[in-house]
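Since the structure comes first, as structure tokens, the remarks are kept for the end.
The values are calculated or read from the model by the stated rules, or taken from the named source; none is laboratory data. Keep in mind that what you see is a predicted model, and the values were worked out from it rather than measured. Glycine gets a Cβ as well: all are built from the backbone with ideal geometry, and neighbour counts include every protein chain shown. Please note that ligands, DNA and RNA were not included when accessible areas were found on the heavy atoms of the full protein model with its side chains. Shrake-Rupley method; radii C 1.70, N 1.55, O 1.52, S 1.80 Å.
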Amino acid sequence: MSTLQFAGPDGRRLAYRKSDGPSGLTFVWLSGFKSDMQGTKVIELETWAKSSGHGFLAFDYSGHGESGGKFEDGTISSWREDALAAIAEHTSGDLVLVGSSMGGWMALLSALAMPERVKGLVLIAPAPDFTEKLMWPEFSAEAQAEIMENGLHLRPSDYGEPYPITRALIEDGKTWSLLDGPIEFEGPVRILQGMEDPDVPWKHAERLVETMTTSDLVFTLIKDGDHRLSRPQDIERLKTVCAEIAGAVA
């Protein structure tokens, strides 16, 4: 499918891809921090959804991928707004949200914002509250001071160029914290987590399990799995749990 554009919140130009399916159920992909909709997992899931008769939507947050804007201008608030706008504009009916890393946080926030439409969640190395509970504690005192005094720190990345981390991102993230109280969601949830994940420790995902209210939650630990979970066997596992969720909400 070709990439299209639409005007998101505050006129932000957002890129997306979508397809409709006869099942009436739409899978929505929510990418991770500094990731986009051209990754292996999203392409594979898009193909699976189409072949299974489901609708599919993927998009890039502002400052990501093919969307407009600067990455360093983004916050959890603005990326949440992008997600809700893309879903509202380009889907109808029942939804299953599939979120990877930061996308898991976005999926949870979106589900809480539209509980009548979101029927299930598939979360891959979910990273709710990562700005406060994972990222900030890992910074040196010097990096923390740089963020608070200068408003910006360039964080080294294993995946490419350093990430610009802003004071606005850190402070705004606190307003969307989820792990300190119950997360009210009663639909089926499937969590895939690698135990060799250097970015989101599996204990972080375990904390999410304890926080969610649904009883229909399966937490799968992949002993040799990394953060991306993009190996062929990981992608097959993702497709399997998405098919399971589709069957559960049908």
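Miscellaneous remarks
- The residue of the stretch 126-151 that is surrounded by the fewest Cβ atoms within 10 Å (Cβ to Cβ), among those that are under 19 Å from Y61 (Cα atoms) and hydrophobic (A, V, I, L, M, F, W, C), is F130.
- Residues of the stretch 28-52 satisfying the condition of being in contact with a helix residue (DSSP H, G or I) (Cβ under 8 Å, 6 or more places away or on another chain) and either within 18 Å of W105 (Cβ to Cβ) or without any contact (Cβ under 8 Å) to a residue 24 or more places away in the chain (or both): V28, W29, L30, S31, G32, F33, K34, S35, K41
Every residue, every condition in (1) of a type in the set (S, T, N, Q); (2) free of Cβ contacts under 8 Å to residues at least 60 places away in the same chain; (3) farther than 18 Å from H54 by Cβ, yes or no:
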{"site": "A85", "(1), (2), (3)": "no, no, yes"}
{"site": "V98", "(1), (2), (3)": "no, no, no"}
{"site": "W105", "(1), (2), (3)": "no, no, yes"}
{"site": "P137", "(1), (2), (3)": "no, yes, yes"}
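- Any hit, the stretch 53-69, residues being farther than 23 Å from G194 by Cβ, in a helix (DSSP H, G or I) and in contact (Cβ under 8 Å) with a residue 40 or more places away in the chain: no
- Of all residues in the stretch 113-144, those being aromatic (F, W, Y) and over 15 Å from the mean Cα position of the chain (by Cα) number 2.
- Here the stretch 82-112 is the region considered, the condition is being of a type in the set (G, A, S) and open to solvent by less than 10 Å² (accessible area, probe 1.4 Å), and the residue that is farthest from the chain's Cα centre (by Cα) is A86.
- Of the residues A83, A49, A88, the single one that is within 27 Å of P164 (Cβ to Cβ) and of a type outside the set (D, E) is A83.
- Options F71, F59, F6; residue that is closer than 24 Å to T131 by Cβ, among the aromatic types (F, W, Y) and open to solvent by 10 Å² or more (accessible area, probe 1.4 Å): F71
- Any hit, the stretch 218-226, residues being at positive phi and open to solvent by less than 30 Å² (accessible area, probe 1.4 Å): no
- In the condition set (1) part of a strand (DSSP E or B); (2) of a type in the set (D, E, K, R); (3) closer than 16 Å to F33 by Cα, R190 is compliant with all but (3).
- Matching residues in the stretch 164-186 - criterion: being small (G, A, S) and either surrounded by 18 or more Cβ atoms within 10 Å (Cβ to Cβ) or assigned to a helix (DSSP H, G or I) (or both): A168, G173
- When the residues of the stretch 113-125 are filtered to those that are in contact (Cβ under 8 Å) with a residue 24 or more places away in the chain and open to solvent by 10 Å² or more (accessible area, probe 1.4 Å), the one that is nearest to A243 (Cα to Cα) is K119.
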